[in-house]
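Okay, structure first, notes after.
The values are calculated or read from the model by the stated rules, or taken from the named source; none is laboratory data. What you see is a predicted model, and the numbers here were worked out from it, not measured in a lab. Note that we place each Cβ from the backbone using ideal geometry, even for glycine, and neighbour counts take in every protein chain shown.
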Protein chains: 2
Amino acid sequence: MNLASVSKPTLLLDREICRRNIYLLKEKAKQQGVDLRPHFKTHQSGMIGEWFREMGIEKITVSSVGMAQYFSHFGWQDITIAFPVNIREINVINALASKAHLGLLVMDAMTVDELGKKTNHPISLWIKIDVGTHRTGLGFQNIQAIDEILHRIDNYSHLHFSGFLAHAGHSYQKRSQAEVQVVYDESLRILLNLKSQYLSSYPYIKVSLGDTPGASMVEDFGVVDELRPGNYVFYDLMQEEIGACRFDDIAVAMACPVVAVHPERNQWVIYGGAIHFSKDFLLAGDGKKIFGRMVDSTESGWSTENVSSNPVLVSLSQEHGIVQCNKETFSLCKPGDLSLWLPVHSCLTADAIGSYSTTSGEAVDHYRGHLYE
Amino acid sequence: MNLASVSKPTLLLDREICRRNIYLLKEKAKQQGVDLRPHFKTHQSGMIGEWFREMGIEKITVSSVGMAQYFSHFGWQDITIAFPVNIREINVINALASKAHLGLLVMDAMTVDELGKKTNHPISLWIKIDVGTHRTGLGFQNIQAIDEILHRIDNYSHLHFSGFLAHAGHSYQKRSQAEVQVVYDESLRILLNLKSQYLSSYPYIKVSLGDTPGASMVEDFGVVDELRPGNYVFYDLMQEEIGACRFDDIAVAMACPVVAVHPERNQWVIYGGAIHFSKDFLLAGDGKKIFGRMVDSTESGWSTENVSSNPVLVSLSQEHGIVQCNKETFSLCKPGDLSLWLPVHSCLTADAIGSYSTTSGEAVDHYRGHLYE
């Protein structure tokens, strides 16, 4: 890999690993007859989106109205915005609905009425169910609220009830296949139970689940209709810790110039900080924070062979990163060298830096880098 | 304040508070005969930079070569890049040095040689001293390394030794005027001690210190030559906790639509997440995280009158924020309303969102929003 021209923090993308991640989950879903609607909030890239399309993906998930507009520009026509409807953006939503098949998430009757009155293109509505994450969604036992929402949806001919949707975000707290399986099974059971209650009135409704640990670690998806994982396109150190991937499956690494070394404490300072990595961290066994793990540059990209013994990124300020080495690893870099880092949370890292370069030097777009056009 | 057109997370800037912050520290430094070289990494804005210029500021600090280029476009001609020299950017540095009086930080002789050989415009070099933060800088007792650096600088006629510079970043761990005073005094003592050792050989050298707690909380700056605080332009909840400002001095607040409410746990969900606020947090007395505190919208901006009893932003994911209310405050907002939030760390929040709107609706630039042009 020719890194000679890299002079500042640069998020490197290994196209082969990324395409393999896309392919493997597509195949897994296909073999089980499950619709895959990948979440594009992790990569936020038109070019990476094309790799999904080449492999037969036609439906996508995004996390904001602006991101839906971005992918609409790239020709995507079946988009679920997996975020509670923000009625302050209702005009943009309506304009989008004229161009794409739009799926939205609702949790209250008032929002349905707003959509009903202020949009005039067909829109699909999912009722968001809280399956245990307690971030958003209606409790599954809240039949009164669900009935009220359905009653309102039925009032507007352009609004269609798609079914029940959940994000099992609490799978991120799990650390084994068995634990993630329990979260998946319980989440699916809740959604299927609701589906069975409403199937006679709404015979086409579906259930949709989405999280990368579940999609990666559960072998048998059961009778779920649709899955919406996103992070698996890149994976990251958090997914590795959960057990959803191996280090070798992580498709992005941040290249950072080393700008100072401190032999008295076996530390390096790198150009690469919170504004490049974001500040999500893992906790090491000793309670210390980990903001990244170093990999070794190779001719074609990087190798994770020494990732467990390599230096660790232990602190981030705005532009600086502090790297803890030991006596053996301290001499691996000197000022002016590039160091390569697997990120803790690839979604936030990609958003923070707002662009990619493939390991062969090709620029890859990110929505973030186009926000201000 | 007319917030009717705000439909997504928007960083509001109170021009009057911001200008007052700029003015008060400018006056304080002027009265004590201290040069002020404000750090522009907090606001990163050409327009806000003009407010400094109107008040007589001519010298600035930035944290990256790219940021120096940005402010060079706005006519700034005396710029210190308060980050270790990244020799991979040496060509851009040399081009900048042809247009502006550039100050750089060095900590090793090799970097001085690189600068000496690969640049050909006058450049000022500061030796970065570690006064206790242990992020970067030479130990003050490391006279051998300092002498070696000076020996190399003297080899190149276009390189000039400016003096000793430090960032007392450990002041951020302090929580009282007395504690911050101790950090300031000790830092200044270290720098002055070095200055006195080298003054006979380099009669024009200066000492430069920079951190907002010190600049805000220390009454008598002593015989420091230059101060480089940055955060004070906005302040934030972290500075309030340190004691460097009051809530009323915080010049930015994030406007976020409320998109869902959960009466069963007295929570709201806002459109406003890690990609808008960044993930820095404070710890409350009960050990819970605080990512923002709510203020009340007023005709001219916002009021902090109820900030201590208002709801608290307790969790952030990529686009979502979770707000904890109590029974009394839960009814303050419903879906579709806007909520206003003081950020924990204004530098990272401004960088994450990449733009501002003044409370009167004027758009304000941020370097981040121009990175991809």
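Wholly within the stretch A:13-119, which strands (runs of 3 or more DSSP E) include no fewer than the required count, namely at least 1 residues that are in the same structural domain as A:ARG135 (by TED's automatic domain parsing), of a type in the set (Phe, Trp, Tyr) and within 19 Å of A:LEU209 (Cα to Cα)? Quick ask: steps written out before the conclusion?
Details: elements: A:60-62, A:78-84, A:101-106.
Hits in the stretch A:13-119: A:78-84.
Restricting attention to the stretch B:317-373, which residues are farther than 16 Å from B:ILE250 by Cβ and of a type in the set (Phe, Trp, Tyr)?
B:PHE330, B:TYR367, B:TYR372
In the stretch A:319-350, how many residues are within 11 Å of A:PHE277 (Cβ to Cβ) and in contact with a helix residue (DSSP H, G or I) (Cβ under 6 Å, 6 or more places away or on another chain)?
So the answer is 6.
Name the single residue, out of those in the stretch B:80-103 being facing chain A (nearest Cβ under 10 Å) and not hydrophobic (A, V, I, L, M, F, W, C), that is nearest to A:VAL269 (Cα to Cα).
Here the residue is B:PRO84.
Please go through the stretch A:71-86 and pick out each residue that is free of Cβ contacts under 8 Å to residues at least 40 places away in the same chain and either at positive phi or touching a Ser or Thr at 6+ places or on another chain (Cβ under 6 Å) (or both).
Result: A:GLY75, A:PHE83, A:VAL85.
Suppose we filter the stretch B:160-180 for residues that are closer than 19 Å to B:VAL207 by Cα and either within 20 Å of the chain's Cα centre (by Cα) or crowded, with 20+ Cβ neighbours inside 10 Å (or both); how many remain? Before the answer, list the steps.
Kept after step one, since they are closer than 19 Å to B:VAL207 by Cα, are these residues of the stretch B:160-180: B:160-171, B:180.
Right, trim to either within 20 Å of the chain's Cα centre (by Cα) or crowded, with 20+ Cβ neighbours inside 10 Å (or both) and you get B:161-171, B:180.
Final tally of qualifying residues: 12.
Please indicate, with yes or no, whether at least one residue in the stretch B:149-158 is in the same structural domain as B:ILE22 (by TED's automatic domain parsing), over 28 Å from B:ALA109 (Cα atoms) and in contact (Cβ under 8 Å) with a residue 24 or more places away in the chain. Steps first, please.
Kept after step one, since they are in the same structural domain as B:ILE22 (by TED's automatic domain parsing), are these residues of the stretch B:149-158: B:149-158.
When the remaining residues are screened for being over 28 Å from B:ALA109 (Cα atoms), the result is none.
So far as the stretch B:149-158 goes, no, none of its residues is in the same structural domain as B:ILE22 (by TED's automatic domain parsing), over 28 Å from B:ALA109 (Cα atoms) and in contact (Cβ under 8 Å) with a residue 24 or more places away in the chain.
Which residues, counting only those in the stretch A:186-234, are among the aromatic types (Phe, Trp, Tyr) and either outside the structural domain of A:GLY139 (by TED's automatic domain parsing) or crowded, with 18+ Cβ neighbours inside 10 Å (or both)? Outline the logic, then answer.
Taking the stretch A:186-234 as the starting set, the residues that turn out to be among the aromatic types (Phe, Trp, Tyr) are A:198, A:202, A:204, A:221, A:232, A:234.
Matches in the stretch A:186-234: A:TYR198, A:PHE221, A:TYR232, A:PHE234.
Show me the strands (runs of 3 or more DSSP E) found entirely inside the stretch A:259-373 where at least 1 residues are away from every other protein chain (no Cβ under 11 Å).
Details: elements: A:267-271, A:292-297, A:312-316, A:320-324, A:338-343, A:356-358.
Here the list reads A:292-297, A:312-316, A:320-324, A:338-343, A:356-358.
The rows are residues; the columns are (1) among the hydroxyl-bearing types (Ser, Thr, Tyr); (2) more than 28 Å from A:LYS117 (Cβ to Cβ).
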position	(1), (2)
A:THR136	yes, no
A:GLN141	no, yes
A:GLN144	no, no
A:LEU159	no, no
A:ALA166	no, no
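If I go through the stretch B:236-250 residue by residue, how many of them are surrounded by fewer than 24 Cβ atoms within 10 Å (Cβ to Cβ) and either of a type in the set (Lys, Arg) or within 12 Å of B:ASN21 (Cα to Cα) (or both)?
Total meeting the criteria: 3.
When the residues of the stretch B:49-77 are filtered to those that are among the aliphatic types (A, V, I, L, M) and over 27 Å from B:GLU89 (Cα atoms), which remaining residue is surrounded by the fewest Cβ atoms within 10 Å (Cβ to Cβ)? Show your work before the answer.
Looking only at the stretch B:49-77, we keep the residues that are among the aliphatic types (A, V, I, L, M), and these are B:55, B:57, B:60, B:62, B:65, B:67-68.
Next, from what is left, pick out any that are over 27 Å from B:GLU89 (Cα atoms): B:55, B:57.
Values: B:MET55: 15, B:ILE57: 21.
Checking each candidate, the answer is B:MET55.
Any idea how many residues of the stretch B:240-250 are in a helix (DSSP H, G or I) and either within 14 Å of another protein chain (Cβ to nearest Cβ) or not hydrophobic (A, V, I, L, M, F, W, C) (or both)? Full working, then the answer.
Step one: of the stretch B:240-250, the residues in a helix (DSSP H, G or I) are B:240-242, B:247-249.
Restricting the remaining residues to those that are either within 14 Å of another protein chain (Cβ to nearest Cβ) or not hydrophobic (A, V, I, L, M, F, W, C) (or both) gives B:240-241, B:248-249.
Residues meeting the conditions: 4.
Just give me the residues in the stretch B:211-239 being touching a residue at least 60 places away in the same chain (Cβ under 8 Å) and outside any loop (DSSP other than H, G, I, E, B), in sequence order. Talk me through it step by step, then tell me what you get.
First, the residues of the stretch B:211-239 that are touching a residue at least 60 places away in the same chain (Cβ under 8 Å): B:215-216, B:220-221, B:224-238.
Hits for the stretch B:211-239 are B:ALA215, B:SER216, B:GLU226, B:LEU227, B:ASN231, B:TYR232, B:VAL233, B:LEU237, B:MET238.
Only one of B:GLN181, B:GLN197 is in a helix (DSSP H, G or I), more than 14 Å from chain A (Cβ to nearest Cβ) and either of a type in the set (Lys, Arg) or farther than 21 Å from B:VAL34 by Cα (or both); which? Write out each step before concluding.
Values: B:GLN181 fails: either of a type in the set (Lys, Arg) or farther than 21 Å from B:VAL34 by Cα (or both).
Answer to the selection: B:GLN197.
Select from the stretch A:16-48 the residues that are under 24 Å from A:LEU371 (Cα atoms) and surrounded by fewer than 22 Cβ atoms within 10 Å (Cβ to Cβ) and list them in ascending order.
A:GLY46, A:MET47
Residue check: is B:TYR172 out of contact with any strand residue (DSSP E or B) (no Cβ under 7 Å at 6 or more places or on another chain) and away from every other protein chain (no Cβ under 14 Å)? Steps first, please.
Working: out of contact with any strand residue (DSSP E or B) (no Cβ under 7 Å at 6 or more places or on another chain): yes; away from every other protein chain (no Cβ under 14 Å): no.
No, not satisfied.
Is at least one residue of the stretch A:87-99 in contact with a strand residue (DSSP E or B) (Cβ under 6 Å, 6 or more places away or on another chain) and over 25 Å from A:GLU50 (Cβ atoms)?
Looking through the stretch A:87-99, at least one residue is in contact with a strand residue (DSSP E or B) (Cβ under 6 Å, 6 or more places away or on another chain) and over 25 Å from A:GLU50 (Cβ atoms).
Given the structure, is B:ALA253 closer than 27 Å to B:ILE22 by Cβ, part of a strand (DSSP E or B), small (Gly, Ala, Ser) and assigned by TED's automatic domain parsing to the domain that holds B:SER360? Step through it out loud before you land on a result.
On the way: closer than 27 Å to B:ILE22 by Cβ: yes; part of a strand (DSSP E or B): yes; small (Gly, Ala, Ser): yes; assigned by TED's automatic domain parsing to the domain that holds B:SER360: yes.
Considered against the rule, which asks whether it is closer than 27 Å to B:ILE22 by Cβ, part of a strand (DSSP E or B), small (Gly, Ala, Ser) and assigned by TED's automatic domain parsing to the domain that holds B:SER360, B:ALA253 comes out as yes.
Looking at B:MET1 and the list (1) outside the structural domain of B:ASP130 (by TED's automatic domain parsing); (2) free of Cβ contacts under 8 Å to residues at least 24 places away in the same chain, which single condition is not satisfied?
Looking at each condition in turn, B:MET1 falls short on (2).
Just to be sure before I move on: is A:ARG152 touching a Ser or Thr at 6+ places or on another chain (Cβ under 6 Å) and either over 28 Å from A:VAL180 (Cα atoms) or surrounded by fewer than 17 Cβ atoms within 10 Å (Cβ to Cβ) (or both) in the structure I sent?
Numbers: touching a Ser or Thr at 6+ places or on another chain (Cβ under 6 Å): no; either over 28 Å from A:VAL180 (Cα atoms) or surrounded by fewer than 17 Cβ atoms within 10 Å (Cβ to Cβ) (or both): yes.
When the stated conditions are applied, A:ARG152 does not pass them.
Among the residues of the stretch B:307-349, count how many are touching a strand residue (DSSP E or B) at 6+ places or on another chain (Cβ under 6 Å) and free of Cβ contacts under 8 Å to residues at least 40 places away in the same chain.
Final tally of qualifying residues: 4.
Can you find a residue in the stretch A:7-18 that is in contact with a Pro (Cβ under 8 Å, 6 or more places away or on another chain) and more than 29 Å from A:GLY272 (Cα to Cα)?
There is no residue in the stretch A:7-18 that is in contact with a Pro (Cβ under 8 Å, 6 or more places away or on another chain) and more than 29 Å from A:GLY272 (Cα to Cα).
Against the conditions (1) of a type in the set (Val, Ile, Thr); (2) under 26 Å from A:HIS320 (Cα atoms); (3) touching a strand residue (DSSP E or B) at 6+ places or on another chain (Cβ under 9 Å), where does B:ILE17 fall short? Just the number, please.
Unmet for B:ILE17, out of (1) of a type in the set (Val, Ile, Thr); (2) under 26 Å from A:HIS320 (Cα atoms); (3) touching a strand residue (DSSP E or B) at 6+ places or on another chain (Cβ under 9 Å): (2).
Taking A:THR136, is it β-branched (Val, Ile, Thr), more than 14 Å from chain B (Cβ to nearest Cβ) and either within 25 Å of B:ILE322 (Cα to Cα) or without any contact (Cβ under 8 Å) to a residue 60 or more places away in the chain (or both)? Explain how you work it out, then say what you get.
Working: β-branched (Val, Ile, Thr): yes; more than 14 Å from chain B (Cβ to nearest Cβ): no; either within 25 Å of B:ILE322 (Cα to Cα) or without any contact (Cβ under 8 Å) to a residue 60 or more places away in the chain (or both): yes.
No.
Would you be able to say whether some residue in the stretch A:284-306 is in contact (Cβ under 8 Å) with a residue 12 or more places away in the chain, farther than 26 Å from A:GLY336 by Cα and crowded, with 23+ Cβ neighbours inside 10 Å?
no
Can you tell me which of (1) in contact (Cβ under 8 Å) with a residue 60 or more places away in the chain; (2) outside any helix (DSSP H, G or I) is the one A:SER162 doesn't meet?
Of the numbered conditions (1) in contact (Cβ under 8 Å) with a residue 60 or more places away in the chain; (2) outside any helix (DSSP H, G or I), the odd one out for A:SER162 is (1).
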